[in-house]
Structures are given as structure tokens and as C-alpha cells.
1. What number of residues within the range 112-130 are on the phi < 0 side of the Ramachandran plot, within 12 Å of the ligand (Cβ to nearest atom) and either surrounded by fewer than 18 Cβ atoms within 10 Å (Cβ to Cβ) or hydrophobic (A, V, I, L, M, F, W, C) (or both)?
2. Could you please find all residues in the range 81-97 being more than 7 Å from the ligand (Cβ to nearest atom) and either surrounded by 17 or more Cβ atoms within 10 Å (Cβ to Cβ) or more than 30 Å from HIS25 (Cα to Cα) (or both)?
3. Among the candidates GLY69, GLY62, single out the residue that is at pLDDT below 95, surrounded by fewer than 19 Cβ atoms within 10 Å (Cβ to Cβ) and either more than 13 Å from the ligand (Cβ to nearest atom) or in a loop (DSSP other than H, G, I, E, B) (or both).
4. Out of curiosity, is ARG33 more than 8 Å from the ligand (Cβ to nearest atom) and modelled with pLDDT of 90 or more?
Amino acid sequence: MHIKEAVDKDSDQILDLYTGLYPEHKGKIDTFRIPKAEAVTFIAEYNGEPAGFIILTYISYGAHTTGFGYIEELFIRKRYRSFGIGKLLVNRVISWCDRKGFNVIFLTTPKTNLGAIKFYRHLGFRKNGQIWLQYTNKKKQAKKRVA
Ligand SMILES: CC(C)(COP(=O)(O)OP(=O)(O)OC[C@H]1O[C@@H](n2cnc3c(N)ncnc32)[C@H](O)[C@@H]1OP(=O)(O)O)[C@@H](O)C(=O)NCCC(=O)NCCS
């Protein structure tokens, strides 16, 4: 037995295996690609000065399925805290993920970071073990469930 790391040129082999797993999707998995984490960063400026930033890494599975986002970093300069900038940045990534069709955003934060925990709870994130989750796309999900 040999295990190799798949590279782009192996896509056809993977597609073949994939349609074995999901025969009902045969012919639809035309945009298949090996998932790779990518990232997007937003910077908030206040009076022309950078006040904070957020980095979202995400995995997207192509056109026929979905993906998810992970808040990798969020930081607001001390003098700009409590102005609503953190909330603006988080809402920005939530709507960005929503447009991409991602179902979930998650993040982790140390147990000792009580400020961040209160902040994320306030913004609707809920804890599941060590992970904080926010479900996006609620309407689209609800539609999918009844269809
Ligand atoms: C956590 C952090 C991002 C919050 O950013 P911020 O710009 O100060 O937060 P906002 O002003 O947007 O606050 C949004 C809401 O969360 C609440 N909130 C923010 N920080 C809070 C805290 N420490 N305790 C309780 N509530 C808090 C605010 O009251 C506000 O409520 P409102 O919408 O009802 O007015 C910022 O304090 C920070 O950069 N901390 C250091 C880095 C960090 O811990 N990052 C997160 C690690 S994953």
C-alpha cells in the first residue's frame, strides 16, 4: 500500500472515485477540485488610519456544494475599541460568506479571552466544545430542507 498526496493532475482520478461515492451526482461534479484553504482580509480604516483587521480563511468545494470560513485573526487597535469596528468587520465576513453560499463560520479563542468570548456571543456565535460557530445562509438552508 502506498499513499500519495494528490496534486492537480490527479483530479480525474479523484472525480472518478467521487462519482463512485455519489453516483447520483454523476455529470454534475464538473467543477471538482481538491479543496485548498484560501484567505481574505478586510482592513478597517478610521480617519484614514488602519484601525483593525480580520482574516478569514475558507475552504470552498466548487459550484455544486458549499464551503466554510474560519476567522483566523481579528484585531482592533486599543484606541479604536468599543466603536463598533470589530462588529463591522465580523459582519463583513458573515455577509461575504453568505454571498459565497458558505453555511458556517467558526473560530477558536482562548478560554481566558473573556472580552472576545463576550463579543462573539453578543454577535450570535455559539460555543460547541472549544469551537465557536455561526451559521449563515439560514434562509437558503431552510429552503433546502423543505425541497
Ligand atoms: C474583541 C475585539 C475584536 C472587539 O472589537 P471592538 O471593535 O472593540 O468591538 P465592538 O465595538 O464592535 O463591539 C460590538 C459589540 O460587542 C460588545 N463587546 C465588545 N467587546 C466586549 C467585551 N469585552 N465585553 C462585553 N461586550 C463586548 C460591545 O458592547 C458591542 O455591543 P453592541 O453591538 O450592543 O453595541 C477587540 O476588543 C480586540 O481587538 N481585542 C483584542 C484581540 C482579540 O481578542 N481578538 C479576538 C481573538 S479571536
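The values are calculated or read from the model by the stated rules, or taken from the named source; none is laboratory data. Not measured: the values here are computed from a predicted model. Positions of Cβ are backbone-derived with ideal geometry, glycine not excepted, and every protein chain shown enters the neighbour counts.
1. Residues that pass the stated criteria total 12.
2. LEU89, VAL90, ASN91, ARG92, VAL93, ILE94, TRP96, CYS97
3. Within the list GLY69, GLY62, the selection yields GLY62.
4. Against the criterion (more than 8 Å from the ligand (Cβ to nearest atom) and modelled with pLDDT of 90 or more), ARG33 does not qualify.
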